[in-house]
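Remarks on the structure that follows.
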Amino acid sequence: MTAFLIPDNYQPRADLLAGKSILVTGAGDGIGRAAALSYARHGATVLLLGRTESKLEAVYDEIEAGGGARPGIVEMDLATAAEENYATLADNLAGELPCLDGILHNAALLGERRPIADASYGQWCEVMQVNVNAQFLLTRHLLPLLQQAPGASIILTSSGVGRTGKAYWGAYAVSKFATEGFMQVLADELENTSTIRVNSLNPRGTNTAMRRAAYPAETPTDNPSPGDIMGAYLYLMGDDSAGVSGRAFDAR
Ligand code: NDP
């Protein structure tokens with residue numbers, strides 16, 4: 001599969017996301033943290049969703065210290081949240097916001113790196129719950145609020161092993177193939193019935209805790225840091241990508 005790239009030398013406007021409300025999952029660390037900070041710097045009010053309160057609070061403080069709009073914190077463990085928790089979240093947000101302009105589905109679990117023959121069913125289910133089912137539940141319950149926005153953007157986070165399967169990547173790889181499938185189905189459904197666009201984005205090797213766990217022999221600094229790859233995250237979230245939907249992107 002040939003992935004799309006964002007336009008060469010893309011330069012986001014400083015106020016690209018002004019007035020927009022954007023939910024970022026896994027906002028406490030890694031790429032999600034960098035995206036939350038970057039979205040806030042470009043004017044968005046960011047809703048920080050994650051499972052570790054202290055990390056979310058640190059991002060909240062950093063956004064406030066940088067003069068960004070006051071973010072919201074949504075503490076939620078996507079491995080254990082029940083459907084009613086998503087419904088309650090959607091009700092609460094609908095009570096506070098006129099619309100939701102975007103979701104960055106970013107939170108994911110790497111799970112175990114093992115051959116399928118030895119994989120544990122429990123870990124398989126946990127990876128699928130966080131990486132696939134949570135995306136469905138969040139999207140399903142937040143679609144009405146996304147529909148209220150003039151042109152909302154949904155970004156689903158993929159991976160190289162979600163486009164070409166590789167030995168020992170187990171549930172993680174399968175979950176990312178499912179993510180690509182979810183993106184295509186949703187984009188096709190929404191194409192003629194709404195202004196919501198849906199795309200997938202593979203950040204490619206980036207220096208985070210997940211990457212270091214997956215590739216312990218690598219020199220971490222050989223990979224870009226999360227802050228270095230934000231161009232694609234901004235392009236796909238902001239109006240510069242209006243009309244672009246159903247595509248699989250690489251961040252670089
Ligand atoms: P990290 O492990 O650094 O960060 C993952 C984030 O997801 C953390 O904030 C983590 O929270 C959160 N998270 C994990 N499980 C849950 C859960 N059950 N409920 C709520 N939040 C949860 O990963 P990256 O930043 O590297 O990855 C971000 C995305 O990019 C993922 O979708 C990943 O698959 C993808 N990706 C990354 C690549 C890379 O090289 N880094 C390459 C290809 C794809 P906490 O910090 O509290 O644990």
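The values are calculated or read from the model by the stated rules, or taken from the named source; none is laboratory data. As the structure is a prediction and not an experimental result, all values here were calculated from the model. Don't worry about glycine lacking a Cβ; one is built from the backbone with ideal geometry, like all the others, and counts go over all protein chains shown.
Identify the residue in segment 38-48 that is under 21 Å from Pro203 (Cβ atoms) and without any contact (Cβ under 8 Å) to a residue 40 or more places away in the chain and, among all such residues, is surrounded by the fewest Cβ atoms within 10 Å (Cβ to Cβ). Reasoning before the result, please.
As a first pass, look at segment 38-48 and keep what is under 21 Å from Pro203 (Cβ atoms): 38-42, 44, 46-48.
From the residues that got through so far, the ones that are without any contact (Cβ under 8 Å) to a residue 40 or more places away in the chain too are 40-41, 46, 48.
Working: Ala40: 26, Arg41: 19, Val46: 30, Leu48: 26.
Restricting to residues being under 21 Å from Pro203 (Cβ atoms) and without any contact (Cβ under 8 Å) to a residue 40 or more places away in the chain, the top hit is Arg41.
Output the residues belonging to segment 226-251 that are exposed (fewer than 15 other Cβ atoms within 10 Å of the Cβ) and either among the hydrophobic types (A, V, I, L, M, F, W, C) or over 20 Å from Ile154 (Cβ atoms) (or both).
Gly227, Asp228, Ala242, listed by residue number.
I need the full set of residues from segment 74-117 which are in a helix (DSSP H, G or I) and either within 16 Å of the ligand (Cβ to nearest atom) or of a type in the set (Val, Ile, Thr) (or both), in order please. Reasoning before the result, please.
Initially, segment 74-117 is screened for residues in a helix (DSSP H, G or I), giving 83-96, 116-117.
Passing the criteria: Glu83, Asn85, Tyr86, Thr88, Leu89, Ile116.
So, in segment 191-228, exactly how many residues are away from the ligand (no atom under 11 Å from the Cβ) and not β-branched (Val, Ile, Thr)? Give the steps one after another, and end with the answer.
Our first condition is that a residue be away from the ligand (no atom under 11 Å from the Cβ); within segment 191-228, this holds for 191-199, 216-217, 219, 221-222, 227-228.
Filter once more, so that each one left must be not β-branched (Val, Ile, Thr): 191-192, 194, 197, 199, 216-217, 222, 227-228.
Residues that pass the stated criteria total 10.
Could you list all residues from segment 52-61 that are within 11 Å of the ligand (Cβ to nearest atom) and touching a Leu at 6+ places or on another chain (Cβ under 7 Å)? Talk me through it step by step, then tell me what you get.
Initially, segment 52-61 is screened for residues within 11 Å of the ligand (Cβ to nearest atom), giving 52-56, 58-59.
Once the filter is applied, which keeps residues that are within 11 Å of the ligand (Cβ to nearest atom) and touching a Leu at 6+ places or on another chain (Cβ under 7 Å), segment 52-61 yields Leu56, Val59.
If the requirement is being among the basic types (Lys, Arg) and touching a Ser or Thr at 6+ places or on another chain (Cβ under 7 Å), which of these qualifies: Arg197, Arg252?
Numbers: Arg252 fails: touching a Ser or Thr at 6+ places or on another chain (Cβ under 7 Å).
Being among the basic types (Lys, Arg) and touching a Ser or Thr at 6+ places or on another chain (Cβ under 7 Å) holds for just one of Arg197, Arg252, which is Arg197.
Take Gly95 and decide whether it is out of contact with any Phe, Trp or Tyr (no Cβ under 8 Å at 6 or more places or on another chain), surrounded by 23 or more Cβ atoms within 10 Å (Cβ to Cβ), on the phi < 0 side of the Ramachandran plot and at pLDDT 95 or above.
On the way: out of contact with any Phe, Trp or Tyr (no Cβ under 8 Å at 6 or more places or on another chain): yes; surrounded by 23 or more Cβ atoms within 10 Å (Cβ to Cβ): no; on the phi < 0 side of the Ramachandran plot: yes; at pLDDT 95 or above: yes.
It is false that Gly95 is out of contact with any Phe, Trp or Tyr (no Cβ under 8 Å at 6 or more places or on another chain), surrounded by 23 or more Cβ atoms within 10 Å (Cβ to Cβ), on the phi < 0 side of the Ramachandran plot and at pLDDT 95 or above.
For residues that are surrounded by fewer than 24 Cβ atoms within 10 Å (Cβ to Cβ) and in a helix (DSSP H, G or I), tally how many sit in segment 142-163.
Final tally of qualifying residues: 8.
Scan segment 80-87 and give yes if some residue there is on the phi < 0 side of the Ramachandran plot and either in contact (Cβ under 8 Å) with a residue 60 or more places away in the chain or touching a strand residue (DSSP E or B) at 6+ places or on another chain (Cβ under 8 Å) (or both), otherwise no.
No, there is no match, as no residue in segment 80-87 is on the phi < 0 side of the Ramachandran plot and either in contact (Cβ under 8 Å) with a residue 60 or more places away in the chain or touching a strand residue (DSSP E or B) at 6+ places or on another chain (Cβ under 8 Å) (or both).
In segment 5-44, what residues are in a helix (DSSP H, G or I) and among the polar types (S, T, N, Q)? Even if it seems obvious, please write down each step before you answer.
The first filter runs over segment 5-44 and keeps only residues in a helix (DSSP H, G or I), leaving 30-41.
Residue satisfying the conditions is Ser38 alone.
Of these, Lys166, Lys176, which one is surrounded by fewer than 17 Cβ atoms within 10 Å (Cβ to Cβ), within 14 Å of the ligand (Cβ to nearest atom) and not aliphatic (A, V, I, L, M)? Walk me through it before giving the result.
Details: Lys176 fails: surrounded by fewer than 17 Cβ atoms within 10 Å (Cβ to Cβ).
When all the criteria are applied, what remains is Lys166.
If you take the residues of segment 49-74 that are of a type in the set (Ser, Thr, Tyr) and surrounded by fewer than 20 Cβ atoms within 10 Å (Cβ to Cβ), which of them is nearest to Asn92 (Cα to Cα)? Steps first, answer last, please.
At the first step, the residues of segment 49-74 found to be of a type in the set (Ser, Thr, Tyr) are 52, 54, 60.
Okay, now just the ones that are also surrounded by fewer than 20 Cβ atoms within 10 Å (Cβ to Cβ), so 52, 54.
Numbers: Thr52: 20, Ser54: 22 Å.
Among those residues, the one meeting the criterion is Thr52.
Determine whether segment 140-158 contains at least one residue that is out of contact with any Lys or Arg (no Cβ under 7 Å at 6 or more places or on another chain), within 19 Å of Ala209 (Cβ to Cβ) and within 10 Å of the ligand (Cβ to nearest atom).
yes
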